[in-house]
Structure formats: C-alpha cells, structure tokens
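Taken together, the values in this text are just the output of simple stated rules run on the coordinates, not laboratory data. Being a predicted model, the structure only gives us computed values, none of them experimental. Neighbour counts are summed over all protein chains in view; Cβ atoms, including those assigned to glycine, are modelled from backbone coordinates with ideal geometry.
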Amino acid sequence: MLEFRSISRLVCFLLLFACFNVGYGQSTSELFKEGKEYREDGKKKKAIKSFELALDQAQSERNVKLQMSCHLELAELKDNVVNYKEALDHYKAFSSLYKKEMTSKNSKLTDSVNLLETEVDKGMQEISNKEKAIDSLTTEQLQAELSIKDLEISNQIHETNLKEQELEIEKSENRRNILIGIVGFSLLVLLFFGLGYVRKRKTNKTLRNKNYQIAKEKEKSDELLVNILPVVVAEELKEFGKTTSSSFENATIMFTDFKGFTKFAEKHSPSELVEVIDKYFRAFDEIIHQHGIEKIKTIGDAYMCVAGIPTEIDNHASVMIKAAKEMQNYVLTQMADLKAEGLPYLEMRIGIHSGPLVAGVVGSKKFAYDVWGDAVNIAARMEQAGSAGSINTSESTMELAKDDFNFEFRGEIEAKNKGKLKMYFVS
C-alpha cells in the first residue's frame, strides 16, 4: 500500500511539472480548489463530490490536464479496500490521458516522458500485481468491511427503531391518558345527569303524590259541597267564591212529618231513634235523587224538598207527587213489617204545594241552600192539615198534575194564619 502511494505522488509531481504554465477554466478550477480544501479539512466525502463535479466539467470542457488532476485526487481519496477498483480506474484514466497528451505535443520533455512512461509502466505493473493480490483478499476483507458497515447500519436502524418505539409508546401513553380523561369526564357527566334524573324522578314522584292527595282532597271537598248544595250552585261557588239568589215563578214544595213521633221517641233510646230516622231519610234521599228533586233540609223528624229548582222543569208537580207516593209506600211497608212483629211503628203525613219562591245560599261558614216565599209556608200548612198515610195537596198542585193523577177534593180547610184553603188528597 505504501509503494502504491509513492508511485501516486511521483506521477502527481511529474504531472504538475509538465503542466506548470497551463491555466484552468474558472468554474472547474473553483470546484477543484474547493475539493482540495475539503480534503485538507478531512471532509473526504465532500472532497470526492467536488472532484467528481470538477471532473465532469473538465470532461465537458475537454480540459485534459484538469481531468488528469481530478483522476489523481480521486484515486488517492478512494485508495482503500472497499473502493480500490475505482481508484485503479482513476489511475488508468490518468495514465491514458497523460499518454495522449504527451504524444500530441512535441517538446523537449520527450526523454523525460519516455522515462516517465517507463516508471508509469512499472507502476502499472505493480498496480496490476497488487490488484491480483488484493483480489485474493477482497472476499474476506470486503466481508469484514461490509460487516462493519452492516453493523453500523444495523445500529443506526436499531437506534431509529428504538426512537420510533419510544415515540410510539409516548403517543400510546398520551392516547391512553386522553382516553382515560375522556372516560372520566364522561362518567362524571353521566353521574351528574344520573343524579339529576334520580332527583327529578323523586321530585316528580313527590309532586305526583302531593297532586294526587290534593286531587283526592279536592274530590272529597267537591263531593261534600255537592252533598250540601245543588251541583249548579256548588260550581258557581267554586268559580266565583259566592252565589246569587234565584227567583222561580213556579216550583213544587213537599213537607213530610211522622205522626206520633214523640211517643215513638219515648220508647227508644237516642241512638236507636237516630238510627230509625236515618234509615227513613236515607230511603227518601235515594227516591228524590232518582227523580231529580232537590233536598233542602230536615228539621227533627220533618223532611223538606223542592222540585223545579235550581234547574226549572215543566212537570215539577207530577214529579213531586210520584216521589211522594214512593216515599209513602216505603213507610207503609215498614209499618206493616213492624206491626206484624208487634213493634212500635211510624206513620207519615205529606203536604205538597206549588207556587213562586226564592232560592239561595245563606251563611259564610256552614253553607245552607234554602228557599223562601209564601209557597213554602202553604206547603207546611198542607202537611199539618193532612192525615197519616195520605198525600195532601193544594189546589195549585192539583191543577198542574190533574192530567197525571186523580184527586179527591177535601173542601176548604182552615190553615194556620192562612184562613181556609182548598185541599185535595191524591187518590
């Protein structure tokens, strides 16, 4: 290897001597100069690149001398086991160019050239011998060099793979952290909405229960109010908070009263008496309800109701008489049963009158629907002047219901504070 380098330096010296006064192209010279500077700085790859560029330009410019210089520089830079063939090619190219150059010129250096040719031939012979020797070594040395290169490349690839793996692991951890954050946030949101939903359901359930209780209480209140007042009057009271009195041109009033109630009461305890009266009045309530008659009140053993209020009807007299006959039949049936058992019993008088009246609600604490007018007083007199087991009516009632029922004229009978009044029994 040392002899090879010595020959290279000798050839370079002779070349420089022969080309002492020869100039170079500007751009090619700059590339060549740049390559030498890179070589002096130890930047081998950049030097090779610059010399190769200079060689290309010198070839395009047909600058033989600069081509030879570039070949020599490249031969020395590539003087190693891996690139030795390229180095030999550059030496051969230099030798060929040099021979052509010297042959084409007649100069006083002919002898020197011959001598140089001899030396070059020897050098080429040695190069050839070395090439053969190197060829025998190339396999193992090249494999060693290549193994080293492969190891370096493998190390670089391994380092790159490690960096990529580390980067991928970092990205994976970042993705995992982001995913954990998203899942955690989603769970918090779901928990928030879940608690809100549960709270809302609980609140709604409580409200429903309260609304149900309120509705039930309202229903009870409405039922109680309807039991006390007519439906129309109750609705008016709920809507406006008060009611107005109403005048009716004609309605039918009925009073009932039990004959001998005082003696009956003497033979029964108060609780038994209340139970008996309650039994009769419940039956009366059911009967008048079926006929659309409005119950007004009870006073002791007296029962009072009116047909034709608060909703007016044309046949109020006939409706009342029909209800009175059902009530009287109920009392007679009860009397027959008790009489057969040898128990005390009650008999009932009924008085009916038709005429104008006024109806309305009185009181502010305990509401009471009541009626007023002279017709009310006359109906009471009809009941007082009646007889047990009969229905006593006034002339006005008879006139209204004579097409539906038969009447028996009783004559004119004295009534308290009313003088003589015509009275009729329903046959």
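Below is a table of values for the structure above.
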item	result
Cross-link partners of K202 among lysines (Cα-Cα below 22 Å; sequence separation of 8 or more within a chain)	K210, K216
Whole-angstrom gap from region 317-365 to region 271-285, using each part's C-alpha centre	12 Å
Nitroxide proxy distance, nm - points 7 Å out along Cα→Cβ at F367 and K325	3.5 nm
Förster radius 41 Å - calculated FRET efficiency between K416 and S246 (Cβ-Cβ, nearest 0.05)	0.90
Environment charge at Q334 (Cβ cut-off 12 Å; Lys +1, Arg +1, Asp -1, Glu -1)	-1
Label-point separation, E86 to K33 (7 Å along Cα→Cβ), nm	2.6 nm
Region 281-427 - charge dipole about Cα centre, Lys and Arg +1 at Cβ, Asp and Glu -1, debye rounded to 20	440 debye
Listed residue pairs exceeding 22 Å between alpha carbons, taken from K295/K325; K33/K99; K295/K366; K49/K78	K33/K99
Segment N161-T311, length gained on full extension (0.36 nm per residue, minus Cα span)	43.9 nm
Charge tally in the Cβ shell below 12 Å around E347, where Lys, Arg are +1 and Asp, Glu are -1, E347 excluded	+2
Modelled FRET efficiency - R0 41 Å, I153 with L97, Cβ distances, 0.05 increments	0.65
Neighbour-count ranking [beta-carbon atoms within 10 angstrom, fewest first] of I296, I182	I182, I296
Gain in span if fully extended, Y197 to A340, counting 0.36 nm per residue against the direct Cα distance	44.3 nm
Estimated D of region 295-406 in µm² per second, where Rh is the Kirkwood radius over Cα pairs and Stokes-Einstein applies at 25 °C, 0.890 mPa s	160 µm²/s
